[in-house]
Amino acid sequence: MSTLPLRVERIALSYGRSTAVEDVSLTAEEGRVHALLGPNGAGKSSTIACAVGLRAPQSGSISIFGMDPWTDHSRTAELTGVMLQDGGLPMSARPLTVLRHLARLYREPADVDDLVGRLGIGSFASRSIRRLSGGQRQRVGLAAALVGRPRLVFLDEPTAGLDPQARIAVDEVVQDLRAAGTAIVLTTHDMADAERLADLVTVIDHGRVIAHGTVAGLTGVDDTDVPGRTARIVLDDDAPEAALIALAEEGVVHVDGPVITVDCRPGIADLHRITGVLATHRLDARSLEFRGKSLGDVFLELTGRNLR
């Protein structure tokens, strides 16, 4: 299909006098991952509820492959997979029963056994969903979202509660979906997931879009001899004041016990000067790394550090 998988244009939604979403726009393109980020209560869930046709926005428009998900819900649902972090699965049923039932609802479903194998569901397939851990339910939820071979997938916290092996498996599934041309909308509180997986990022807060762009664009990644904007040094012991004064010549210094961060845009010469300071003051470093601003850093700068 040549029509854009998802187009959300300036939607608004209120619950009584409380505004949940105001003037939010975003798109999802074939073969790309669009991460929708925001603090709790920012409006992410309301935006997704409108996008999948569970609620009608009070203004603005939404289209899935050119169709309105509210008025043409039966048609858009055939093209869309939705994975919810909580709910959506019958607690008393077993995973295979749920997946095989869902497969029968589609003309050309995915191979259930293949999904079960890829996501490691077979090891707990005999238990009811109620008895599964949070991470195991996440894997069943992901399989349920994919069983219809959707062209547009909404993934809500797909790696929440997963162990490292399961996270790798989910990453591989997302990468395969992208390679197959599936459009993916990802909501997550894990900034590392978003930074690793997303092609585009939209940050919303208080129901409004406050930032949009690529990960590289939002974090300001530049190519230098040694990539990064900060030098992070972890010492065995606290540094003496003389060493901190010397390091301050390279940039603004932040000290947290034995962890020292120098704000700079380092090149090879800067690396030599910093290691020279450590050698002069006979400081043993457990680690020394240059890194740029992370997506998590940007997120906190945009939304603040206060709890919601």
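Of Pro95, Pro158, all but one fail to be crowded, with 17+ Cβ neighbours inside 10 Å and under 18 Å from Leu197 (Cα atoms); the exception is Pro158. Determine, yes or no, whether Glu108 is exposed (fewer than 12 other Cβ atoms within 10 Å of the Cβ) and under 17 Å from Val153 (Cα atoms). For Glu108, the condition - exposed (fewer than 12 other Cβ atoms within 10 Å of the Cβ) and under 17 Å from Val153 (Cα atoms) - is met. The number of residues in the stretch 163-212 being in contact (Cβ under 8 Å) with a residue 60 or more places away in the chain, buried (at least 17 other Cβ atoms within 10 Å of the Cβ) and among the hydrophobic types (A, V, I, L, M, F, W, C) comes to 15.
Scanning the stretch 253-307 for residues being surrounded by 11 or more Cβ atoms within 10 Å (Cβ to Cβ) and outside any helix (DSSP H, G or I) gives a total of 24.
In the set Val173, Val185, only one residue is in the same structural domain as Leu37 (by TED's automatic domain parsing) and under 30 Å from Gln58 (Cβ atoms); that residue is Val185. Answer with yes or no whether Leu105 is among the hydrophobic types (A, V, I, L, M, F, W, C), at pLDDT below 95, part of a loop (DSSP other than H, G, I, E, B) and farther than 18 Å from Leu162 by Cβ. Answer is yes for this residue. For the stretch 267-294, residues that are over 29 Å from Ala242 (Cα atoms) and at pLDDT 90 or above total 0. Val98 satisfies every condition listed in (1) under 22 Å from Leu79 (Cβ atoms); (2) free of Cβ contacts under 8 Å to residues at least 24 places away in the same chain except (2). Does Ile233 satisfy the condition of being out of contact with any Phe, Trp or Tyr (no Cβ under 7 Å at 6 or more places or on another chain), more than 30 Å from Leu26 (Cα to Cα) and modelled with pLDDT under 85? No: the conditions fail for Ile233. Condition test on Glu108, is it in contact with a strand residue (DSSP E or B) (Cβ under 9 Å, 6 or more places away or on another chain) and closer than 20 Å to Thr182 by Cα? Against the criterion (in contact with a strand residue (DSSP E or B) (Cβ under 9 Å, 6 or more places away or on another chain) and closer than 20 Å to Thr182 by Cα), Glu108 does not qualify. Residue count for the stretch 238-252, restricted to those that are at pLDDT 90 or above and in a loop (DSSP other than H, G, I, E, B): 4.
The values are calculated or read from the model by the stated rules, or taken from the named source; none is laboratory data. Just so it is clear, the model here is predicted, and its values are computed rather than measured. A quick note on method: Cβ atoms are made from the backbone with ideal geometry, for glycine too, and the neighbour counts reach across all protein chains shown.
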